[in-house]
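Quick one: this structure, given as structure tokens, is what I'll be asking you about.
What follows draws every value from the coordinates through simple rules; no lab data is involved. It should be emphasised that the depicted structure is a prediction, and the values quoted were computed from it without experimental measurement. Cβ placement follows ideal geometry from the backbone for every residue including glycine, while neighbour counts extend to all protein chains displayed.
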Amino acid sequence: MKILRKTVIITMITGLCLSLFGCTKKEKNLEQSLPELMRALYQGAGINEDEIMFLEDIEVTDETLSYYLGVDKLDYKEALASESMVGSLAHSIVLVRMNEGADIEAAKKEIKEKVDPRKWICVEVEDSNVIVDSYGDVIVLIMNNEYAKDLQDSFQKLGE
């Protein structure tokens with residue numbers, strides 16, 4: 001009887017472990033360069049970049065982190081922003097490749113809390129259209145009133 005009970009318990013524990021760890025989806029890192037990811041992001045959302053006037057890719061540095069992401073420090077490897085060079089258009093996408101071992105969830109939370117969707121002089125992005133998401137080691141910040149959800153969907157498909 002004891003042997004049967006131990007066998008049942010071991011079988012149940014093994015089954016539970018397999019169901020928890022054997023079926024989880026592990027997101028791989030996105031291998032493309034940040035400029036390649038940015039182009040694919042727009043294309044996947046069906047957005048012609050010319051529709052958003054005068055877009056420019058800008059390297060984000062330690063000195064400009066606060067402007068683009070709202071944070072002063074971040075455990076990141078590289079970052080790239082895509083913004084309209086026309087101040088009256090509220091549009092910003094920032095891709096951030098994090099360092100190995102960085103706390104991505106904590107970074108996303110801090111960015112979401114601190115980023116300024118009113119950083120442009122005459123326009124702003126509604127809070128519901130400020131999206132912070134991640135895939136593997138890449139965080140994306142999307143601020144756009146018209147295309148936010150389409151861009152987020154496109155971002156999540158980059159790893160497929």
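Using a Förster distance of 22 Å, how high is the FRET efficiency between SER88 and THR61, based on the Cβ-Cβ distance and rounded to 0.05?
So, using R0 = 22 Å, E works out to roughly 0.30.
Calculate, in nm to one decimal, what GLN43 and GLU126 gain on full extension: separation in residues at 0.36 nm each, minus their alpha carbon distance.
27.5 nm
Relative to a virtual label point 7 Å from the Cα of GLU51 in the Cα→beta-carbon direction, which members of the stretch 130-157 show backbone nitrogen distances below 16 Å?
143-155
Of LEU89, TYR76, ILE111, which is farthest along the charge dipole of the stretch 32-160 in the positive direction, counting Lys and Arg as +1 and Asp and Glu as -1 at C-beta?
Sorting the options by dipole projection puts first ILE111.
Among the listed pairs LYS73/LYS149; LYS77/LYS119; LYS114/LYS149; LYS28/LYS157; LYS28/LYS114, which have their C-alpha atoms separated by more than 18 angstrom in this model?
Violating the 18 Å limit, Cα to Cα: LYS73/LYS149; LYS77/LYS119; LYS114/LYS149; LYS28/LYS114.
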